[in-house]
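Q: Mind having a look at this structure? Questions to follow.
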Amino acid sequence: MLLHVSLLGRFDCRAGTNDALVFPTRKVRALFAYLAAEPDRKHGRDRLAGLLWGDKPDDQARANLRKTLSRLRGSLPDAAKGCLAAEADTVAVRTAGLAVDMVQFRTLAAEGTPAALERAAALYRGELLEGFGDCGEAFGDWRDAECRRLNETYREVLQRLLDHHLVTGGIDRAIQVALKLLALDPLQESVHRDLMRLYLYQDRMGAALDQYAQCRDLLARDLGVEPSPETERMRAELLRNVPAKTVLHPERDGVPMSEAAARHGKSDKTGRPSVAVLAFTPSGAADETSHIGSGVAEDIATELGRFRELAVIAPATTLIYSNAPVPPERVGADLGADYVLAGGLRQQDDGLRITVRLAETETGRQVWAERYDCAKTEIFAVQDDIVRRVVGNLVAHIEQARIDSLGHREQRDWQAYELCLRGWSALRRPGPDAIREARGYFQRAVKQDPDFARAYVGLAMAHINDWACYSWNYWAFIPKEALGLAQRAVELDEGDQRAHCMLAVTKLYGRDYDAARQHLLRALTLNPNDADVLAHAGFALALIGDADKAVDAGRDALRLNPHRPEWYAAFAGIGLFSAGLYEEAIETMATAPQALCNTPAFIAAAYAHLGEPGLGARYRETVHRHLRYQMARGSFPEGTSCIDWLTALDPYRRDADAAHYVDGLRKAGFE
């Protein structure tokens, strides 16, 4: 049996791909780590006793060593006990039974080929026995000396890799390596110059000049010197290449930002945010999980790209930031991104943990973080589901973060996208005043950008909401206004899933069920991860006659957006009710019983179908109070019955489905 021993970074020992071995004490781990650092070397027992128990008398130190060796042998699997060779005066571990990352690192570094150097760099996950704890002065001295030697070897590996990629033109990889070198020693002026030139090759003038500023500030702060003449010549060369009309970053001490960065995400006249997706970084052996991290990031970027409300900068563009300690503010300055999505992968036991973090680039503030666990053998089976859950959460948090930020800015500075965000936020609140407020925001967005499809989607939704619960007298105007607005949205952007979704809703209320289904399925095809669209499908497909698909869509919406608005539960509940899943429908809608004006009616009808109409009585009374109030306001025509109103709000296509709903309402006491 082969033992895989990790000494670089945190200590870890595994038998094959099994769980990590558990060693009973720190001294047992320390003894094994020391022996594994030099397999086949015979260490004298006196030397080992003094290393770990130098503060004890010789006899006690030797006795402690014997006990520790016994515990070590007992900690090893039966098939691996032979790797420990304990003789009368010496102790060693045999190379044949071990694979030690520290030994492999040194072997690959000595080999020196580009491929070997890349593998060596990937093996170096951190300093020797990181976070190991105190095991005595002598052991600490040995660890510190080895750390210095290993760190110097790692620096040499990176420098040779940088030289190789500079010669061969591997610009992206060269930038990654240079950033790692600066993380080891920020005062390497030559590496700063290499980075400046590499950014120049990419036409990233802002990043190059920013690198100069970092170099200048570090030298002044830590050494009290100015950049060398060679570095100043490099800066002068950069300035000669800066376009005449370069945009200056307001928080970069006058450092110009490249035209490409200035354009990216900042020239969108609607004001929609941009997000840079970085490749997910492994915390364990890079060769085992790095491909998974890249795949997850690429999938997330692809699925985010389906959302019209985001501009997405994919991992291929952000490759240079992989495995490098670059703060979100720097990525934002380089790429013009408003947000950075980063993540990591950590192996644990037989599983894999994926962590995701969203940060604002302007402030570096973390907006959202989440983690997802799965069995290692299931990663490819569940990867799509994890991506969908990340994307569903991410878009909602970006939208909320943008809404929150608007409170610190004058309204006259809001752009069309931001006006629409405020409009959608207003629509989540109940009452006609909120609808009028939302309509005002959407109208301003249309005035600011007449070609912005989302503004027309919002206006159409405001019309529908106003009619459904507050202005039933005006249904005659819906086909002319809401339907026309939704059609205009699709004309402006045929690829916008929410435009198709809103057109489906208006077609549904116009009883054009085939067209409604066509546009709804088109919306789901364009973006199967948009939780808003899925939530609408949760009720619309039920009314069209496909309750099973409605249930799936509603459940997906609830799962993909845990921090959802209340109307998600209302729409998902309609699908569940229509499928006869009354208990689940009640449980779902009861989390937001007044999300929509018809939500209490469905809860009452579900209880009635379960044979417990009494439990739905209070929900029935809520509906009656709303109807009486609207009748008194003159919002509804005289003589409108409660069932007439409720069935008009949810016009089932199939007679059997409509009868099922009406039967439940009558059993619940509605007339």
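Q: Cβ under 12 Å from residue 86's Cβ, residue 86 left aside: what net charge do those residues give with Lys, Arg +1 and Asp, Glu -1? Spell out each step's value before the answer.
A: Details: positive: 42, 45, 66, 73, 81, 94; negative: 87, 89.
Result for the local shell: +4.
Q: Where does each of 482-494, 221-233, 601-613 land if you order them by average Cβ count within 10 Å, highest first? List each step's numbers first, then the result.
A: On the way: 482-494: 19.9, 221-233: 11.8, 601-613: 22.9.
Order by mean packing, descending: 601-613, 482-494, 221-233.
Q: Out of 92, 65, 79, whose Cα points farthest toward the positive end of the dipole of segment 50-109 (charges: +1 Lys, Arg; -1 Asp, Glu; placed on Cβ)?
A: Most positive-ward Cα: 79.
Q: Please report, to two decimal places, log10 I(q)/I(0) for segment 1-77 at q = 0.15, 0.18, 0.19, 0.23 Å⁻¹ as given by the Debye formula with identical point scatterers on the Cα atoms and no solvent.
A: Log10 of I(q)/I(0), two decimals: -0.54, -0.75, -0.83, -1.13.
Q: On a 1.4 Å probe surface of the protein chains, which of 180, 667 comes out largest in accessible area, and what is the full order?
A: On the way: 180 35, 667 105 Å².
Ranked from most to least accessible, the order is 667, 180.
Q: In whole percent, what relative contact order does segment 10-74 give with Cα contacts below 8 Å and a gap of six or more residues? Before the final figure, lay out the partial values.
A: Numbers: 37 pairs, mean separation 19.6, N = 65.
Taking the mean separation of contacting Cα pairs over the length of segment 10-74, I get 30 percent.
The values are calculated or read from the model by the stated rules, or taken from the named source; none is laboratory data. Bear in mind the structure is a predicted one, so any value in this text is a computation, not a measurement. Here the Cβ is made from the backbone with ideal geometry for all residues, glycine too, and neighbour counts use every protein chain on show. Quick note on the areas: whole protein, heavy atoms, side chains included, nothing else; ligands and nucleic acids left out. Shrake-Rupley method; radii C 1.70, N 1.55, O 1.52, S 1.80 Å.
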